[in-house]
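Data first, discussion second: the structure below is written as structure tokens.
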Amino acid sequence: MAYDGIVVANTVKELNERILAGSITKIAQPEKDEILLTVKAQRKNLRLSISASASLPMVYLREETALSPVTAPNFCMTLRKHIGGGRIRRIYQPGAGLSEEGLERIIVFEIEHLDEMGDMSTRILLCELMGKYSNIILLREDGTIIDSIKHVTPSVSSVREVLPGRTYFIPDTKKKENPMAGISREDFGRLLSDFPDSCYKALYGRFTGFSSVISEELCFRAGIDGDKPFGLLEKEEQDRLYDRFRELLETVRQGDFSPCILYEGEEPVEFSAVRLSSLLQGGYREETYDSISEVLTLYYAERAKHGRIRAKSEDIRHILKTLTERTAKKLELWERQYRDAEKKDKYRIYGELLNTYGYSLTGGEKEIVCANYYDEGREIRIPLDPELSAKENAKKFFDRYQKLKRTQEALTPQIQEAEKTLWHLDSISNSLSMAETEADLNQIRREMSEFGYIRKSQGTRRLRKEELRSEPMHFVSSDGVDIYVGRNNYQNEEITFKLAEGNDWWFHAKNMPGSHVIAKTGNRELPDKTCLEAAALAAYYSRACGDEKKNLSEKIEVDYVQRKALKRVPKAAPGYVIYHTNYSITVEPKGEI
């Protein structure tokens, strides 16, 4: 993700529009590295969240409140003393120093406040959004530190101490230039030419506020190879890059932002304050929003949800992987043995030909050459054991034939069972990729325990109660038809044999594990558009698109048939059905209508 200076600039613009001149009515510290300010502005109470978390540093306006500790921490008490009831006079983003504006990942709040003597004074609240170096610092007007949410002692940093009484200065930016200060074409070329690495690395290595994502986007907009050093670019390419650089900075100056989230399948992978055409070309899906706060809220909520479900399902993934690998190895071994056993008829023919032509042997021969009446009389060579008679050699071949025949008969059900198991495990894996809640995971665990893949737990009743909160996905087609998609095998069974009626239509990706999709048409004819939309959902929620839903470019064949044509398979996994007549359609997978 790129929480860069441009995202910060978008945040500053939004805060200026919504809370500038507002008064701070409440201050809380819900986490050890997070402050929550309630600001009354434009006749509304708005909540400003400021986080200095090493993993999720950010500033945004949020809707919900947060629980605070009974006893306020020291930093919270200091803020209440110095800025409680204060009015926000200015919000800006600094450059190399606090006196100039730029693209540093810092937000500065200048707050007017009445001190103990009743005189008006100014306090400065700084939010440094710099990964593990993030901090929230309260200053006097002259730049002296009053306190900070994280103290940086000399033992932690010999370069910059953040302690009460010290003078604040912006951390070293590795001699990066402030792009908002005005960079001429000549200076731009000199700065990037001096950088030994690739062009896109030179951009974020030379200018504050630029991330690798934005740098790659600039190279893409300029139509150049970002992996080339700047000095190896043609003069025309260098000029185009500078022009795109100036256009981006003008966008920031004008506040013409386009907050957006980019998705890979259903998972958010990036957010930005400007459009990222380079990632859109790579197949990512973009969702745009009016507010950068909304983007940050949704992005981190979605990331947290995906991360939480993935963490909670890690044990299931490990078990599925182990079982799949083990079953696949067994199947491969059994199939190899079965192929070897298919040679059994050769030994039966050897035995029968020896019984026919063995009278010509005198003893001690290593082979016999005779006509094979099973192959239009063609000549055949039969190897012999010279120590055995013709009759004994024939018996040896018949014994081997019978052994291979028994092996083949024994392997047939084992291979069939292994193939069913692999299919079942693959279908569970597909269900796991669709799980969004703990209730979904509980249904998957229940299925695995009932089929012996994991041990049955004593909390089965509790899990089944929780499962009631897990429901199949519901869509409405363009024609107003209700469409249901099962998230797992139990839900597939439920929507197909309990929810659907005989004349409703059933969709499923052809010859692969996937979700059952039911179009509830009742006795009406299936509309063409609904048919396409339901088939696209069946293609999307199948193994063809993979766990991360990345393979969306290829069209997938989908079978569809009326529900009354489906039959259950006795003792099979839930949701496993057979049908003998069906229609087929090839569609592009889509996860929504």
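Report, to the nearest 10°, how far helix 74-83 tilts away from the longest principal axis of the Cα atoms in the chain, using its own Cα long axis and a range of 0 to 90°. That helix lies at roughly 40 degrees to the long axis. Here is the list for the stretch 140-211: trypsin sites (Lys or Arg not before Pro) lying in DSSP coil, each with at most 11 other C-beta atoms within 10 angstrom of its C-beta, are K174, K175. Note on V159/K32: beta-carbon distance plugged into 1/(1 + (r/R0)^6) with R0 of 22 Å gives a FRET efficiency of 0.35. Once the Cβ-Cβ distance of R90 and L67 is raised to the sixth power relative to R0 = 35 Å, the FRET efficiency obtained is 0.65. Working note: 222 nm ellipticity from helices only, DSSP H runs with n ≥ 4, each -39,500 (n - 2.57), summed and divided by the residues of the chain, gives -12500 deg cm²/dmol to the nearest 500.
Residues of the stretch 254-273 with an amide N closer than 13 Å to a point placed 7 Å from the Cα of E17 along the Cα-to-Cβ direction: 254-260. Please state the shape class of the stretch 5-148: rounded when a/c is under 1.5, otherwise prolate if a/b exceeds b/c and oblate if not, all from the C-alpha gyration tensor. Since a/c stays below 1.5, the shape of the stretch 5-148 is classed as rounded. Distances between placed amide hydrogens fall under 5 Å for E270 paired with L262, all partners being 5 or more residues away or on another chain. Structural descriptor for the stretch 1-107: relative contact order 30 percent, calculated from alpha carbon pairs under 8 angstrom and at least 6 residues apart.
The modelled label-to-label distance between T25 and E436, using points 7 Å beyond Cα along the C-beta direction, is 3.5 nm.
Taking 7 Å steps out from each Cα toward its Cβ at N523 and E379 produces label points 7.8 nm apart.
The aspartates and glutamates within cross-link reach of K330, meaning a Cα-to-Cα straight distance under 15 Å and a gap of 8 or more places when in the same chain, are E417, E419.
Length gained on full extension, E267 to E247: 4.1 nm, using 0.36 nm per residue less the C-alpha separation. Contact order, relative form, for the chain: 8 percent (alpha carbon pairs under 8 Å, 6 or more residues apart, mean separation divided by residue count). Spin-label pair N503-H318: with each label point 7 Å from Cα along the Cα-Cβ axis, the two points sit 5.3 nm from one another. Measure nothing fancy, just the Cα-based angle from helix 314-341's long axis to the longest principal axis of the chain, in degrees from 0 to 90, nearest 10. Orientation of helix 314-341: about 20 degrees from the principal axis.
Karplus-derived 3J(HN,Hα) values for the stretch 567-572, using 6.51 cos²θ - 1.76 cosθ + 1.60 with θ = phi - 60°, are 10, 6, 10, x, 6, 8 Hz; glycine and proline are entered as x. Pairs exceeding 21 Å between alpha-carbon atoms, taken from K405/K571; K312/K420; K132/K176; K329/K420: K405/K571; K312/K420.
Once the Cα-Cα distance is subtracted from the 0.36 nm per residue extended length, the T586 to R166 segment shows a gain of 144.3 nm.
Rule-based calculations on the coordinates, nothing more; no lab input. Keep in mind it's a predicted model, so treat the numbers as computed, not measured. Quick reminder, even Gly has a Cβ in these numbers, built from the backbone with ideal geometry, and neighbours come from all protein chains shown.
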